[in-house]
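Rule-based calculations on the coordinates, nothing more; no lab input. Keep in mind that this is a model prediction, so the values were computed, not measured. Don't worry about glycine lacking a Cβ; one is built from the backbone with ideal geometry, like all the others, and counts go over all protein chains shown.
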Amino acid sequence: MNAAYEKLLGGRSGLVGLLILCGLLLVVFPLVFDIFRLNLVGKYLAYAFVAVGLVLCWGYGGILSLGQGVFFGVGGYCMAMFLKLEASDPISTKIQSTPGIPDFMDWNQITELPLLWQPFHSFGFTLLAVLLVPTLMALVIGAAMFKRRVGDVYFSIVTQAIAAILAILIIGQQGLTGGVNGITDLKTLMGWDIRTDSAKLVLYFVNASLLIGCILIGRFILSSKLGRLLVAMRDKEERVRFSGYDVASFKVFVFCVAAMFSAIGGAMFTLQVGFMSPSFVGIVPSIEMVIYAAVGGRMSLLGAVYGTLLVNFGKTYFSESFPELWLFLMGGLFIAVVMYFPNGLAGLYQSHGKLLLSKLSGWQRRRASSVAPPAVAKPQPAPADVIIELPHGSLEGSK
């Protein structure tokens, strides 16, 4: 029990932080926001999956991936393919020249469903594809790079190039992927209309619960021996290698875990937003996802969630209130965080928040001690059956 308490919950402070986040996501936000704003928060939380994975991969493993949008997009496209096939039944597409296939395929003169799409008629296969396809991609990329000791900035450039290539490939294969418009007009999930307000509310809670589950998995990894090895590899990789550990395998593993987290976020994004496009796959969204982790604190799993929420809330607020200046305001926010809070929101809490809380608790204790009256001991009468004996001759000596 104690081991699970330390590994999954992070001790007392970790438990308090996790409970605060759960209360915020599962109680406060649903009560405060209307369904439109709550759906926006759900969209932001889908990005938080990527940020949590980056904390493991970049913050602790020292692997800066600028291509996490690839795995986010692949997970989203796998879910979108299933939803699009369900929305493209022969009755709904009877006006097409070829009923029973997605509309963008019909527009591109495709008369038969491609072989790649056929397994996505099964929801079970789709769930496996969401988890396994991005993980296998990360396994291939990681093994090819880390086994050859390609790291640091070179690995970042390679992942950035992969993100650009995949975005170009998706746009170019318009008949297979929907092109620049992506896969749109997604309506139902196994007959359940995902466009209704009640469905959006349910999907929000599912999304938040899955995110909390990923945070617990991340804490378990970091509290194990593997977590300590990740930090050691980040700081002194050669020493770890000379100690007999297979550094490349550990790097591949944590890179695959981060890819799986990103894919789950992409699938939930598709369910909540109702479409998936190549605009979430390329270089720009991948760099934005790194910014989420940096703002929250690249060494804090909970901080990554808060950083994602802060950046996206800022984007929404600035774009609504200052449509001509919001890009400059967002840039200023990033510059201020990098210059004055290099460890992000988590570092700000570590340096100032705990000190403020300790001062507040000390002030409350001093105030309580000054207000409370001093305790006065009341004299206790001697019991009637107690005989007090005096020394012999003491009365005579007093006369």
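Annotations for the structure displayed:
- At the listed q of 0.21, 0.23 Å⁻¹, the Debye profile of region 204-271, built from one uniform point per Cα, gives log10 I(q)/I(0) equal to -0.87, -0.97.
- Listed from fewest to most Cβ neighbours within 10 Å, the set 37, 298, 234 follows the order 37, 234, 298.
- Our note on the geometry: Cα centres of region 71-93 and region 179-243, 21 Å apart.
- Full-stretch length increase - residue 157, residue 125 - with 0.36 nm per residue and alpha-carbon distance subtracted: 8.3 nm
- Cα-based radius of gyration for region 132-254, normalised by 2.2 N^0.38 Å, reads 1.46.
- Taking a point 7 Å out from the Cα of residue 320 in the direction of its Cβ, the residues of region 28-65 whose backbone N falls within less than 20 Å of it are 28-48.
- Note on residue 192/residue 116: beta-carbon distance plugged into 1/(1 + (r/R0)^6) with R0 of 35 Å gives a FRET efficiency of 0.85.
- Cα lying deepest toward the dipole's positive end in region 21-353, options 41, 51, 125, charges on Cβ: 51
- Cβ-Cβ distance of residue 185 and residue 136, R₀ of 22 Å, FRET efficiency by 1/(1 + (r/R0)^6): the value works out to about 0.15.
- Segment residue 224..residue 199, full-extension length gain: 5.2 nm, with 0.36 nm per residue of separation and the alpha-carbon distance subtracted.
- Here the contact order of region 21-353, divided by its residue count and restricted to Cα pairs under 8 Å and six or more residues apart, works out to 34 percent.
- Over region 1-133: Rg over Rh, Cα atoms, Kirkwood Rh: 1.12
- Pairs of lysine residues in region 168-267 that meet both criteria, 8 or more places apart or on different chains and Cα atoms under 17 Å apart, total 4.
- Residue list for region 306-325, given a label point 7 angstrom along the Cα-to-Cβ vector of residue 13 and an amide N cut-off under 20 Å: 306-307
- All Cα pairs of region 134-182, percent lying beyond 17 Å: 46 percent
- A straight chain from residue 169 to residue 148 at 0.36 nm per residue would run longer than the Cα-Cα distance by 4.9 nm.
- Debye intensity ratio in log₁₀ form over the Cα atoms of region 111-163, taken at each q of 0.29 Å⁻¹: -1.08
- In terms of other Cβ atoms within 10 Å, 88, 122, 13 run from fewest to most in the order 13, 122, 88.
- Virtual paramagnetic centre 7 Å along Cα→Cβ of residue 236, amide N under 19 Å, in region 273-309: none
- Spread over its residues, the convex hull of the C-alpha atoms of region 21-353 is 149 Å³ per residue.
- Stokes-Einstein D for region 202-331, Kirkwood Rh over Cα pairs, 10 °C, 1.306 mPa s (µm²/s): 94 µm²/s
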